[in-house]
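Coordinate-derived values only; no laboratory data. As the structure is a computational prediction, the values presented were derived from the model and not from experiment. Cβ sites come from the backbone with ideal geometry, for glycine too, and all protein chains shown count toward neighbours.
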Amino acid sequence: MQKIIVSAPGKLMLLGEHAVVYGRPCIVTAVGQRMKATIELTDESVFQLNAPDVAVTDYKKPMEELGVGDIPKGAKFVEFAVKNFFSFSRSLLEHSRSDLIKLGVKIATTSEFSSQFGFGSSSASTVCVIKALSEITGANLNNKAIFDLAYKTVLDIQGKGSGFDVAAAVYGGTLYFVTPGKTIEPLNIDSLPLIVGYSGIKADTVTLINQVLEKTKKYPEVIENIYDNIGKLVEQAKPALLSKNWQAFGELMNFNEGYLSSLGVEGKKLADMIYGAREAGAYGAKLSGGGIGDCMIAIASDDKTQAVKDGITSAGGQVIEVQSNVEGVRIEQ
């Protein structure tokens, strides 16, 4: 049977989190830590998954039962990705390769980054699976079709989500993005002097989105105004990024952090790390993602980089060496 290996990058949000869920733009970059999936078609109509990074080993079920029953948390995204791919592609496959309809799928995933970091491991694994199935079945979906199917998978499971992490996994690089893939614009940069600090705290993005939503119900004009202003600073940050005006980009990051703090998603540990970075000379520093935990990011000149890293670790954070602006989903073998 055919076998294929595919990898997709994780992501870091540069500007625009939370507001992006409600139609404002964001800027996201793909990071060098990658999710890898090995996918094989089998003669038996059974779905099989080994994903040791999320404590899933030797998980099996009939193909016709995909998406139903008790699904381990670590298996949900991969299982729904397989289900959605075959549901979407069934008519195409029936015409071109009817033999595929009766086959099973065997998948193994490995990650170069911990799912604790908030780098978007679930979205990366979803994109890997859909890309691999597209190639191995001859469906040959383009990037937008892969994005749409992966984004549907995320919504099926989470109910909420903007799709920026899916876009980063599919397209790679650094993107200007508007939900739900209304705009996916690659930004032509060759480098990004990003410093990343991990808080050691695992946060649940959907829970945080719901908490902010409750505030929106109570103070709709206030929160919508915050989202509008975040959208405006993202628009200003785009030309600063393209021209490598890191000082301006950093200052806009600081404004963004102020708005996120007012939404209540900053958290003391992240705040300590962010202010540690700024006090050490960073142009700007902010949380990246849902907030409260996961990662923060900073932008600094070369001569301040080490001091900023020291400022983050002095605040109790862990500096993670991360390559940004990397290639999107790709076939490895």
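Numbers below:
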item	result
Once the Cα gyration tensor of the chain is diagonalised, semi-axes √(5λ) in Å	36, 20, 18
Unit Cα scatterers, Debye sum, segment 194-320: log10 I(q)/I(0) for q = 0.13, 0.15, 0.18 Å⁻¹	-0.52, -0.68, -0.94
Ranked list, fewest to most other Cβ atoms within 10 Å of each Cβ, for M35, M253	M253, M35
Exceeding the 27 Å Cα-Cα cut-off - candidates K131/K232; K102/K160; K83/K144	K131/K232; K102/K160
Among I297, I223, I195: highest mean-square fluctuation, GNM of the chain, C-alpha pairs under 10 Å	I223
Separation of alpha-carbon centers, segment 271-333 and segment 208-242, rounded to whole Å	22 Å
Chain lengthening between T57 and N143 when straightened (0.36 nm per residue, less Cα-Cα)	28.0 nm
Between 0 and 90°, nearest 10: helix 268-279 axis offset from the chain longest Cα axis	60 degrees
Stretch gain in nm, segment N50-D303, where the contour uses 0.36 nm per residue and the Cα spacing is subtracted	86.6 nm
Cα→Cβ-extended label distance, 7 Å offset, between N245 and T110, nm	4.5 nm
Choice from V21, V68, V154 showing the highest fluctuation, given a GNM over the chain with Cα pairs closer than 10 Å	V68
Entries of K11/K152; K11/K60; K73/K268; K36/K238; K244/K309; K36/K152 with Cα pairs more than 26 Å apart	K11/K60; K73/K268; K36/K238
Helix axis angle, 76-96 relative to the chain longest principal axis, alpha carbon, degrees	50 degrees
Modelled FRET efficiency - R0 35 Å, K3 with T183, Cβ distances, 0.05 increments	0.45
Around D190: net Lys/Arg minus Asp/Glu count, Cβ-Cβ under 14 Å	0
Principal-axis tilt of helix 246-263 within the chain, Cα atoms, nearest 10 degrees	80 degrees
Computed lengthening from N210 to R330, 0.36 nm per intervening residue step minus Cα-Cα distance	39.8 nm
Formal net charge of residues neighbouring Y171 (Cβ-Cβ distance under 10 Å; K, R +1; D, E -1)	-1
Neighbourhood charge, 11 Å Cβ-Cβ cut-off, centred on V68 and excluding it, Lys, Arg +1 and Asp, Glu -1	-2
Estimated FRET transfer efficiency when R0 is 35 angstrom, pair K217-Y275 (beta carbons, to 0.05)	0.70
